[in-house]
1. Would you calculate a helix-derived [θ] at 222 nm for the chain, using -39,500 (n - 2.57) for each DSSP H run of n ≥ 4 and dividing by the full residue count, to the nearest 500?
2. For the chain, what's the relative contact order in percent, using C-alpha pairs closer than 8 Å and at least 6 residues apart?
3. Okay, which of the range 149-168 sit inside 12 Å, backbone N to the point 7 Å along the Cα-Cβ direction of ILE174?
4. Any chance you could give the angle, 0 to 90 degrees and rounded to 10, that helix 304-315 forms with the longest Cα principal axis of the chain?
5. For the residue pair ASN126 and TRP183, what label-to-label distance in nm results when each label sits 7 Å from Cα along the Cα-to-beta-carbon direction?
6. Would you compute the Debye intensity of the chain from its alpha-carbon atoms alone, equal scatterers and no solvent, and pass along log10 I(q)/I(0) at q = 0.15 Å⁻¹ to two decimals?
7. Counting alpha carbon pairs within less than 8 Å and at least 6 residues apart, what relative contact order, in whole percent, applies to the range 53-154?
8. In nm, what is the difference between 0.36 nm times the number of residues separating GLN311 and THR290 and their Cα-Cα distance?
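Each value in this text was obtained by applying a stated rule to the coordinates, not by laboratory testing. Given the structure is predicted, the values throughout are model-derived calculations rather than measurements. Here the Cβ positions follow ideal geometry from the backbone for every residue, glycine too, while neighbour counts run over all protein chains shown.
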Amino acid sequence: MEPILPGAPWLIAHRSMLGINKPYKVTLNEHDYVLWQNQQGEVFALDNICPHMQAPLSDGWICEDTGTITCPFHALKFDGKGRLHNCGKVSGQPLLTPLDIIIKDDCIWTYGGYTPKIPIPDLISNVSAGMSFLGVAGEKSMRGTFLDSISINYDYNHQSGTHRDLFGIKANRIPLFEHDGYWAKVVQELDREDTTWNDILQNPLILTAPKTYTGTLEYAFPSLTTFRATFPIGEVLQVHVLYPETTTQTKTFVLVYSQPKHTVLKPLLGRFVLSAVATVVEQDTRAIETSYPRQPAKIRLPNEEIMFHAQKLYREW
Ligand code: FES
Ligand SMILES: [Fe+2]
């Protein structure tokens, strides 16, 4: 299989997704890896295939004293450098290949063994300045190609179908679209439908949503889509992350940051945002998973040049 976008930096996990001394499996471009984080916050990443009889190390467990991962099949132990630990002896040569990782803003990045083609973006630290990290929502593997999955993040028409019942968007304007290399920025103005009693009963927080609001999206192709919006109870930033697991499967998760107007609003804002984000991801996933294979479109909608821009970056990588 041809790797997808070789040399791209991929954000494979946020520290908070790893827990402490727990194996975490990552599939990137058809390769499986196991990650774990120790009590001191050191993160290790190895090939997931045990060199003895090929059991998945991610089904094993971490031994805190030796800092090793134990294979679930015959309980051999390997350290973060891939060396075998046996009765207090350490093999000289690694038997497993470690995956090169780079940690930035508590995010774990990798090039998946390819020569870097572009640097790791500074986007997260730029857009999250002054905000605090709330959590991760919508962690999911989608049955869909990377291109279909990324296209929806640059699609400024799908909110009226895919997300119709979330906020009842009736109009959508794009006063700004600018791009420079792999970075792009879009400003989106949304008008909501009138709120019905039924909407309020289903989602009382809708009362706090203004009739018109502005969202600012910034992209670091191919891994990140950030969306920042101000609500009456505070400011919210979502960082939508994507990476290709296989040619037909794409991983997504969303890092959520906030700055409540008042600290007492923090738990409310947190619950509201994390569950709204999970719903958004659910809806996008459904749109991706249920669509038939793509064909040339016979209809053109406004602002689709933003999506075509991303598809061009993909094709010309
Ligand atoms: S397969 Fe891993 S120890 Fe045997
Ligand atoms: Fe969406």
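1. Calculated from helices alone, the mean residue ellipticity at 222 nm is -5500 deg cm²/dmol.
2. On the way: 617 pairs, mean separation 57.5, N = 317.
Computed over the chain, the figure is 18 percent.
3. Output list for this probe position: 152-159.
4. Compared with the principal axis, the helix lies near 20 degrees.
5. According to this spin-label approximation, the distance is 0.3 nm.
6. The calculated log intensity ratios at q = 0.15 Å⁻¹ are -1.23.
7. Averaging sequence separation for qualifying contacts and normalising by length gives 11 percent for the range 53-154.
8. On the way: separation 21, 0.36 × 21 = 7.56 nm, distance 2.02 nm.
Separation in residues times 0.36 nm, less the Cα-Cα distance, equals 5.5 nm.
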